[in-house]
Each structure stands twice: as structure tokens, then as C-alpha cells.
Amino acid sequence: MFTILETIVDDALANTHFACDLGACAGACCTMPGGRGAPLLDSEVEEIEEATPAALRYLSERNRTELELHGGVEGRPGDYSTPCIDNRDCLFVYYEGEVAKCAIERAYFNGETTFRKPISCHLFPIRIHDLFDSTFLHYEKISQCRPALTRGRADGVKLYIFLKEALVRAFGEEFYDELVRSIESR
């Protein structure tokens, strides 16, 4: 572990080769069993609600019905998430063939919303935890991401490079630049 601007960073960000391979994993991060979807920041609740109308057109009839009946957010302050269907698929999942994808992100790329997707999804497989009085960035190693490890090694891409856009979105340019300097000086 090392510290960047008061954030504790798992060494795996610097050492792990990683590059998503959606064709191989089929979007497993959007369909993980467990009963809860994407963890949400309190500040993202309103953004999810505003993005939902744009995402609706990409969802299946079943997902649209669930969304209309129960909404796109569950939980309470400090513990919000997106709902799941059958304790598996995030409510905002749609499929392209066998690959699970995010309807909110699709609406974003189509210029229909300004919210891309929850930061927890954008940063995956990095998780943000509170550790004492600091933030801790932890790499969550899951078997469904084995193809990403293989592709990352083949392409020579490290996790912190693959997640540059998400890390900048979550923590800012200054954090990311300092992260790169720290890793490259090791």
C-alpha cells in the first residue's frame, strides 16, 4: 500500500495488468450475484433519477416494469445502490447478444444524459472503502475478470492506466498525476 494525497492505494493498482475483455467475460460485473446492484454515492441518487428516462428505451420490458414499480435506487443515505433482478442483473442492464451492458452508459454515449454511470461501476474492479479517517482504494480480484488479467498482460496495460478516466473522474487530475509519478518512481 502507498498513499496519494491522503488516499491509501492498494499496490495492485500499480502491479496488476488489467484490460476489460467484454467478449470473454460477457459483462459479468453487471450481473454478479448478491442481491444489490451498483453501490451509489449519496450524490449520485439524483443523477440516477435524472438519467433514468434516457436509459428506459434500452431496457427490456421486464426491467422497465421493475423500474417503474420500484425505482432505480434502493437503500438509505450512506448505503444506496441500484436494485437487482433475481439477485443478479443490475436493473439498468441490457444485453447485446450475450454481453450485459449499462443502459445509462449507452444513453450517455448517445448524448441523451450527462451522467455516465455510477462511479463504483466506472472504477470496477477497484472498490472505495473508508479506512479510519482515510479513503482506501482496493483491487477486488474476482474470477469473472480473469480474461481482463490475460488481456492486460498481453497488451501490457496496468490497472491504473486502464482506469485513468475513472480515477480522474473520481479523484481529479492532480490525484492521478501524483499516482502516476509515485508508481513510475518505484
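The values are calculated or read from the model by the stated rules, or taken from the named source; none is laboratory data. Since the structure is predicted, the reported quantities are computational estimates derived from the model, not experimental observations. In this analysis, Cβ positions are derived from the backbone assuming ideal geometry, glycine residues included, and neighbour counts consider all displayed protein chains. Note: areas computed on protein heavy atoms with side chains; ligands, DNA, RNA excluded. Shrake-Rupley method; radii C 1.70, N 1.55, O 1.52, S 1.80 Å.
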task = With the condition kept exactly as written, say whether any residue in the stretch 24-34 is in contact with an Asp or Glu (Cβ under 9 Å, 6 or more places away or on another chain) and among the β-branched types (V, I, T).
result = yes
ask   = Which ones in the stretch 98-141 are surrounded by 15 or more Cβ atoms within 10 Å (Cβ to Cβ) and part of a strand (DSSP E or B)?
value = V99, A100, K101, C102, I126, I128, T135, F136, L137, H138, Y139
Selection within the stretch 64-94 - surrounded by fewer than 11 Cβ atoms within 10 Å (Cβ to Cβ) and aliphatic (A, V, I, L, M) = L69
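Report whether or not T65 is hydroxyl-bearing (S, T, Y) and touching a residue at least 40 places away in the same chain (Cβ under 8 Å). Lay out the reasoning, then the answer.
Details: hydroxyl-bearing (S, T, Y): yes; touching a residue at least 40 places away in the same chain (Cβ under 8 Å): no.
For T65, the condition - hydroxyl-bearing (S, T, Y) and touching a residue at least 40 places away in the same chain (Cβ under 8 Å) - is not met.
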ask   = So, of the residues in the stretch 11-25 that are open to solvent by 30 Å² or more (accessible area, probe 1.4 Å) and in a loop (DSSP other than H, G, I, E, B), which turns out to be nearest to K164 (Cα to Cα)?
value = C20
ask   = Does the stretch 27-50 hold any residues that are open to solvent by 30 Å² or more (accessible area, probe 1.4 Å), in contact with a helix residue (DSSP H, G or I) (Cβ under 9 Å, 6 or more places away or on another chain) and outside any helix (DSSP H, G or I), and which are they?
value = M32, P39, L41
message = Looking at the stretch 51-63, can you tell me whether even one residue there is open to solvent by 20 Å² or more (accessible area, probe 1.4 Å), modelled with pLDDT of 95 or more and closer than 22 Å to E165 by Cα?
response = no
